[in-house]
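Written out below as structure tokens is the structure these notes cover.
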Amino acid sequence: MKKIGRNDPCPCGNGRKYKKCCLLAHPTRPQFTAQERASPLHRLEALVDEPRWRPIEERAEAVFWGPCQEAFDQLADDDLASMSEGAFDFWFFFDHRPEGRSRVAEAFLNGATDLTDGERHYLEQAKSSCMRLYEVVEARPGESLRLRDLTSGQEVRVRERLASQQLRKWDLLAARVMPAGASGQPEIDGGCYPLPRMHREDLLAHMTKVTRPVKSLTATVQCAKVSPRALPSRAPERKGPITHRRYLRFPVGKRPLRRFSQTLQRPMVGPLRHA
């Protein structure tokens, strides 16, 4: 029997590609465990608590919170505050690129020699992901969400038990999606918050504008005859603060989405250093 390719039509006959349909029912072998996720996050926490990182973190906080710092300080909802702090931690660890320095996760990976394969795989995967703007295409309550990336148009089904009970088709949310979580399937990790549907076009246009390469950088690349891909992108770094500030200014519903990975019932964006 011929092996079904990832891009072949799904044999179930629904018209979608195999990788976006029944392949999700047969997850790949998990590349890390829940413990191999938690351990390096706490080691990153310890790293940035060192005196040499504190000034860098303070400058990063000013970038992330920006004009919403006062709104955050006045939050009365502990869940929302905890989720916001966790979102900052992930952004600071994996997205923020301090002037003249590597990202926190890159510095840690370069110096750590005792990581397990699973721990290293988790960090590399988190480092390659970022906060993105999604629209809910389908919600299977208690099971999963099918999301459409509003920038690329690509769709992904993520395993998510609790959020799938709260979100509905056409809902807008910002989330960081890992290609393969501890379950072996795509999972949300490091941030997930709903946004007002009416802000869809405005927010998408704003994100497109601020993540576009600046003219001076483009000119430099052309003069030096260097491929743009060889230069570090600032797009992931800019997306996190944009979506987070919009959520703080226009919260949807009375409470934020529960901060749990629905697969393993573990904290998804729980407080790391701010508890």
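The values are calculated or read from the model by the stated rules, or taken from the named source; none is laboratory data. All figures in this text were calculated on a predicted structure; none of them were measured in a lab. So basically every Cβ, Gly included, is an ideal-geometry build from the backbone, and we count neighbours across all protein chains shown. Please note that ligands, DNA and RNA were not included when accessible areas were found on the heavy atoms of the full protein model with its side chains. Shrake-Rupley method; radii C 1.70, N 1.55, O 1.52, S 1.80 Å.
How do Lys169, Lys239, Lys209 stack up against each other in accessible area, from largest to smallest, with a 1.4 angstrom probe?
Lys209, Lys169, Lys239
At a temperature of 37 °C and a viscosity of 0.692 mPa s, determine how fast segment 66-201 diffuses translationally according to Stokes-Einstein, using the Kirkwood radius over alpha-carbon pairs as Rh; express D in µm²/s, rounded to the nearest whole number.
201
Treating cross-link reach as a plain straight distance, find the aspartates and glutamates whose alpha-carbon is under 12 Å from the alpha-carbon of Lys17, omitting any fewer than eight places away in the same chain.
Straight-distance partners of Lys17: Asp8, Glu155.
For segment 30-84 and segment 174-202, compute the distance between their C-alpha centroids and round to whole Å.
Value for the Cα centre distance between the two parts: 18 Å.
Sequence neighbours fewer than 8 away in the same chain don't count; with that in mind, list the aspartates and glutamates whose C-alpha is under 19 Å from Lys209.
Asp95, Asp149, Glu201, Glu237
I'd like the accessible area for Cys130, computed on protein heavy atoms only with a 1.4 Å probe and all protein chains in place. Round to 10 Å², please.
Approximately 10 Å² of Cys130 is accessible to the 1.4 Å probe.
With all protein chains present and a 1.4 Å probe, how do Asp149, Asp117, Asp202 order by accessible area, largest first?
Ranked list, largest accessible area first: Asp117, Asp202, Asp149.
Work out the charge dipole of segment 65-213 with +1 on the Cβ of Lys and Arg and -1 on the Cβ of Asp and Glu about the Cα centre, then indicate which of Ser84, Leu150, Pro186 is farthest towards its positive end.
Leu150
Counting other Cβ atoms within 10 Å of each Cβ, which GluC sites (Glu not before Pro) in segment 48-108 have at most 16 and sit in a DSSP loop?
Filter output for segment 48-108: Glu99.
Return the FRET efficiency for the residue pair Trp170, Phe250: r is the Cβ-Cβ distance, R0 is 22 Å, and the value is rounded to the nearest 0.05.
The calculated FRET efficiency here is 0.85.
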